[in-house]
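Values quoted throughout were computed directly from the atomic coordinates according to the rules given, and no laboratory measurement underlies them. For clarity, every value in this text was computed on a predicted model and none was experimentally measured. Don't worry about glycine lacking a Cβ; one is built from the backbone with ideal geometry, like all the others, and counts go over all protein chains shown.
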Amino acid sequence: MRNRVVLAYSGGLDTSVSIRWIQEKYDMDVITLTIDLGQGRELEEIKHKAVTIGAIKAIVYDAKEMFVNHYVFPALQGGAIYEGEYPLATALGRPLIAGLLVDIARDEGAAAVAHGCTGKGNDQVRIDVAVKILAPRLQVIAPVREWRMTRDEEIKYAMANDIPIPVTQAKPYSVDQNLWGRSIEAGVLEDPAVEPPEDVYEWTVAPDRAPAAPQYVDIRFESGIPVALDGAEMEGVELIERLNQIAGQHGVGRIDHVENRLVGIKSREIYEAPAATVLHKAHQALEDLTLSKQQARFKTTVSREYADLIYNGLWFTSLHQDLRAFIASNQMHVTGTIRMKLWKGNCFVVGRTSPKSLYSFALATYDSGDQFDHNASVGFITVHGLAAQTQAQAQLIGPAAAAKELPVVVPPRVDRDALEVESADEGDDA
Ligand code: ARG
């Protein structure tokens, strides 16, 4: 029996060419695995195409629910937004794909898994690292990284090998999409000075052409997980799909980000993430209401670590396990309903309620119901300001401190004239 490889198959040109290329170059049987993460593609067709091209078996798997419950919602609870901009749709899909490749490879007795990532992106790292962690003995084949064909050469190869080339006039962009968002790069987007043309967007209308009337959405969370829209309870997949629809109609969720890739490149990426944008903002608003100041402060540190970990392909790690334990505890009381107002590309938080709210009207009000002890402030201020006051008198106020120049953190240069040098051959001429 020939060795087998399980290839993550999207149905596009790269992975279609990969089927034949792996058979030739590695002399292996190819099993394709097409994973549905809500890309909205015709999966039956893709399955059929794989077998037509030469796969010995083509598998399709609907992983939408797994994606939402095990990857997307934990990231939402964790407030994971890379560099404050990118809600990580593509990055969250990769460990799932790697996990399923490994799982199917075991079932099929495969010696290798394969994917269509290039050699300069983050995705190769995410998949390769995850496979190394989960199944160190599995070989990972990345044809696109290895073959170094240009797109034209790929098309020639496809034509020579009877591989169907997508007939639809492909847009000049590289797109990756799933339920949590669309990632679009390449083409004119590679010039960060250029405004993205309207044709990069598919999920969002241009904010200036969005409806004049705002739309309100009530989102209910339980322990940091969204469970209902406008009072109607629903599963995560449906909730995200609906919210993508609703917020997209109002032009919400367009993100234009120059990001720091793991491999050292700055790249300009456009994202469309209507549901992710609204949910992160609503979730944050609910945390404002239900977390203590110290919990919230520490959570921002955890959120940044978590976003970096996801972006950098370190999903299946002990650090992740540790962070998850913190997040689970931290999210325990993040329960309540947030009212969002969607309007012309914006989403505003306009209402918050929670059975676990830490907001106290009696403490906050300036009206007659006020229960805050104003006199207690005087003693508090004395103690709170004590150290600062002491230091200011001893160090800041004096003329000596005022005259001192501030230190500058630059290594001082050597004064060449002051060098005292003796060379070995000097005074040797006698
Ligand atoms: N920059 C994003 C990331 O590393 C998306 C990568 C895939 N994007 C694409 N257009 N193919 O997660």
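Rank Leu342, Leu419, Leu309 by mean-square fluctuation in a GNM of the chain with C-alpha springs under 10 angstrom and give only the top-ranked residue.
In this elastic network of the chain, the residue with the biggest mean-square fluctuation among Leu342, Leu419, Leu309 is Leu419.
What dipole magnitude, in Debye to the nearest 20, does segment 4-170 give about its Cα centre under +1 on Lys/Arg Cβ and -1 on Asp/Glu Cβ? Walk me through the numbers before you get to the answer.
Details: 18 positive and 22 negative charges, 71 e Å.
I would put it at about 340 debye.
Regarding the chain, what is the average projected area of its C-alpha convex hull, in nm²?
The directionally averaged projection comes out at 37.5 nm².
Using a Gaussian network model of the chain whose springs link C-alpha atoms within less than 10 Å, name the residue from Val188, Val125, Val302 with the highest mean-square fluctuation.
In the Gaussian network model the winner is Val188.
Treat each spin label as a single point 7 Å out from the Cα along the C-beta direction, and report the Lys266 to Thr52 distance in nm.
4.4 nm
At a threshold of 8 angstrom on Cα-Cα distance, excluding pairs fewer than six apart, so keeping six or more, what relative contact order does segment 4-170 reach in percent?
Computed value for segment 4-170: 26 percent relative contact order.
FRET efficiency for Phe372 and Glu85, Cβ-Cβ distance as r, R0 = 35 Å, nearest 0.05?
Plugging the Cβ-Cβ distance into 1/(1 + (r/R0)^6) gives 0.35.
Would you work out which of Ser174, Gly11, Met332 lies farthest towards the positive end of the dipole of the chain, given +1 charges on the beta-carbon of Lys and Arg and -1 on that of Asp and Glu, about the Cα centre?
Most positive-ward Cα: Met332.
Take the alpha carbon atoms of segment 55-91, find their center, do the same for segment 1-30, and report the distance between the two centers in whole angstrom.
25 Å
Work out how much length Ala206 to Phe348 would gain on full extension: take 0.36 nm times their residue separation and subtract the Cα-Cα distance, in nm to one decimal.
This chain segment gains 49.4 nm when fully extended.
Which of Gln371, Leu319, Leu342 sits farthest toward the positive end of the charge dipole of the chain, with +1 on the Cβ of Lys and Arg and -1 on the Cβ of Asp and Glu?
Gln371
What translational diffusion coefficient, to the nearest whole µm²/s, does segment 65-117 have by Stokes-Einstein, given a Kirkwood radius computed over alpha-carbon pairs, a temperature of 4 °C and 1.567 mPa s viscosity?
Working: Rh = 12.5 Å.
It comes out at roughly 104 µm²/s.
Among Thr390, Thr118, what is the fewest-to-most ranking by other Cβ atoms within 10 Å?
In order of increasing Cβ crowding within 10 Å: Thr390, Thr118.
Rounded to whole Å, give me the distance from the Cα center of segment 136-160 to that of segment 99-131.
Their Cα centres are 15 Å away from one another.
In the Gaussian network model of the chain, springs joining C-alpha atoms below 10 Å, which of Ile165, Ile246, Ile381 carries the largest mean-square fluctuation?
Ile381
In the calculated pair distance distribution of segment 4-170, what percentage of Cα-Cα distances lie above 28 Å?
Tail of the P(r) past 28 Å holds 21 percent of the pairs.
Quote the FRET efficiency, to the nearest 0.05, computed for Ile155 versus Phe298 with a Förster distance R0 of 60 Å and r equal to the Cβ-Cβ distance.
Between Ile155 and Phe298 the formula returns 0.70.
Which whole-number percent gives the relative contact order of the chain, counting Cα pairs below 8 Å spaced six or more residues apart? The partial results should precede the final answer.
Details: 706 pairs, mean separation 69.9, N = 430.
With pairs under 8 Å counted, the relative contact order is 16 percent.
Considering only DSSP states other than H, G, I, E and B, which chymotrypsin sites (Phe, Trp or Tyr not before Pro) in segment 136-200 qualify as loop sites with at most 13 other Cβ atoms within 10 Å?
Working: sites: Trp147, Tyr157, Tyr173, Trp180; in loops: Tyr173, Trp180.
When the chymotrypsin sites (Phe, Trp or Tyr not before Pro) of segment 136-200 are filtered for loop state and at most 13 Cβ neighbours within 10 Å, nothing remains.
Counting other C-beta atoms within 10 Å, and keeping those with at most 13, which DSSP coil chymotrypsin sites (Phe, Trp or Tyr not before Pro) do you find in segment 273-382?
Tyr359, Tyr366, Phe372
Pick out, in residue order, every one of the trypsin sites (Lys or Arg not before Pro) in segment 63-127 that is DSSP loop and has at most 14 other C-beta atoms within 10 Å; say none if there are none.
On the way: sites: Lys64, Arg106, Lys120, Arg126; in loops: Lys120.
In loop regions of segment 63-127 (DSSP not H, G, I, E or B), the sparsely surrounded trypsin sites (Lys or Arg not before Pro) are Lys120.
Using the basic label-point model (7 angstrom from Cα toward the beta carbon), what is the Ala328 to Met1 distance in nanometres?
3.8 nm
Run the simple label-point estimate for Gln391 and Tyr359 please: 7 Å along Cα→C-beta, distance reported in nm.
Those two pseudo-labels are separated by 3.4 nm.
Distance between Cα centroids, segment 223-293 to segment 298-354: provide it in whole Å.
10 Å
Rounded to the nearest 20 debye, what is the charge dipole size of segment 1-99 about its Cα centre when +1 sits on each Lys and Arg Cβ and -1 on each Asp and Glu Cβ? Present the calculation step by step, with values, prior to reporting the outcome.
Details: 10 positive and 12 negative charges, 73 e Å.
So the dipole magnitude of segment 1-99 works out to roughly 340 debye.
Taking R0 as 35 Å, what's the FRET efficiency between Glu65 and Val258 from their Cβ-Cβ distance, rounded to 0.05?
In this case the efficiency is close to 0.55.
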